[in-house]
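Read the figures in this text as sums done on the coordinates, not as results from a lab. Keep in mind the model is a prediction, meaning the values are calculated, not measured. All Cβ positions, even for glycine, are placed from backbone atoms using ideal geometry, and neighbour counts span all protein chains on display.
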Amino acid sequence: MKLNLKRPLAFFDLETTGTNIGIDRIVEISVIKLLPDGNEEVQTWRINPGMPIPLESSLVHGIYDEHVENEPAFKALGIAIAEFIGESDLAGYNSNKFDIPMLMEEFLRAGVLFNLENRHFVDVQNIFHQMEQRTLKAAYQFYCNKQIINAHSAEADTRATMEVLLAQIAKYEGAEFEDKKGNRSKPIVNDIGALHKFTNLNSPVDFAGRMVYNEQGEELFNFGKHKGKRVEDVFNMEPSYYSWMMQGDFPLYTKRKLEEIYSRWNAKRIAERQPKSAQPKPADSQAKPEQSKAIGNTQKTAVQRPAENQPKKEFHKPDSRNDQQKQPFKKDEPAKPVNEDMLKMLSDKFKKG
């Protein structure tokens, strides 16, 4: 089938470092420009984003840092990309919410003029979602070929949901599914564990999906300015983010899971700091501070207050012969026996001249 075109229609897709339009960057852009005469022009550019590509993103699109380290930055390619697209209308899958805003962000950052006025935008995902509605009523009609009687009453909706699951198992059993990485499997089987795994592909930490697990089982924020970042990394660089969320209008279960992560992170931080603050003690000072203080006080008391059964000693310095004569003899030194040398010294001392 040939599209009825009045001017070129540029189908394009972006591979990026992540999904945050204000922070993340393009690593690859491919454009297929369909011309009114039925011909097409194709152009693909690899781009150095000027920032590391997170592993989670590389696992999806297969582009790693080494693949773009020698590629030009978007600023060097922006004019060529804008000229190739020209005045074409734009088309893509989820392009209105992601690809077009991301591309415009890069153009504006690089100072490249690219006017969106008077263009048509065709988002293929929107056609899919609007024509194949994702409501219980639509699912009941599609899988069971029935209309819900008393729709929106709790029991009728519950029974319809149960019948839809049974019909899905019957319809898709043995059907092949391909995930974003190209892995193929047959996930719809009559097994609750397998169905749990397939219906929780995003691996949410909390049921609201504010946090999700990556492939290593680490928690990532799934919203806001820190989307795609590890929760513990955010606590390291912005600890107040925890308080902001705990005081904010978030579901209680989200706060509960966040508190669990914060407690684990805080305990880890304290454990890491403890060895640095602990100083090695000498072998002879292993007593606790209270014990050391008590020992010190006891020693000090022993010096200042001699025991009652010990003789008191005079510590003043004698300054005269009388003082020397008044000094008490030391009881712990026994008298020496008199010998001839001592008698001779006494005789010489008192001999008259």
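Rounded to the nearest whole Hz, the Karplus-based 3J(HN,Hα) values (6.51 cos²θ - 1.76 cosθ + 1.60, θ = phi - 60°) of the range 55-66 follow the sequence 4, 4, 6, 4, 5, 7, 9, x, 9, 10, 3, 5, with x at glycine and proline. Once backbone amide H atoms are built at 1.01 Å from N, Ile53 has Asp65 as its partners under 5 Å, excluding neighbours fewer than 5 places away on the same chain.
Per residue, the convex hull spanned by the Cα atoms of the range 1-97 amounts to 118 cubic angstrom. Measuring between alpha carbons in the structure, the pairs from Lys171/Lys197; Lys33/Lys75; Lys75/Lys97; Lys33/Lys97; Lys75/Lys225; Lys2/Lys181 lying more than 26 angstrom apart are Lys2/Lys181.
Normalised by residue number, the volume inside the convex hull of the Cα atoms of the range 202-273 is 86 Å³ per residue. Here is the result for the range 1-44: no GluC sites (Glu not before Pro) lie in DSSP coil with at most 13 other C-beta atoms within 10 angstrom of their C-beta.
Mean projected area of the convex hull spanned by the Cα atoms of the range 1-40, taken over all viewing directions: 3.8 nm².
Amide H to amide H, with H built 1.01 Å from N, Asp13 comes under 5 Å of Ser30, counting only residues 5 or more places away or on other chains. Working note: Karplus 6.51/-1.76/1.60 with θ = phi - 60° gives the range 253-264 the couplings 5, 4, 5, 5, 5, 4, 5, 4, 5, 5, 5, 5 Hz, where Gly and Pro are set to x. Using the Karplus relation 6.51 cos²θ - 1.76 cosθ + 1.60 with θ = phi - 60°, the per-residue 3J(HN,Hα) values for the range 19-31 come to 10, 8, 4, x, 10, 6, 10, 7, 10, 7, 9, 10, 10 Hz, with x marking Gly and Pro. Of the residues Ile100, Ser30, Phe12, the one whose Cα sits farthest toward the positive end of the charge dipole of the range 9-128, with +1 on the Cβ of Lys and Arg and -1 on the Cβ of Asp and Glu, is Ile100.
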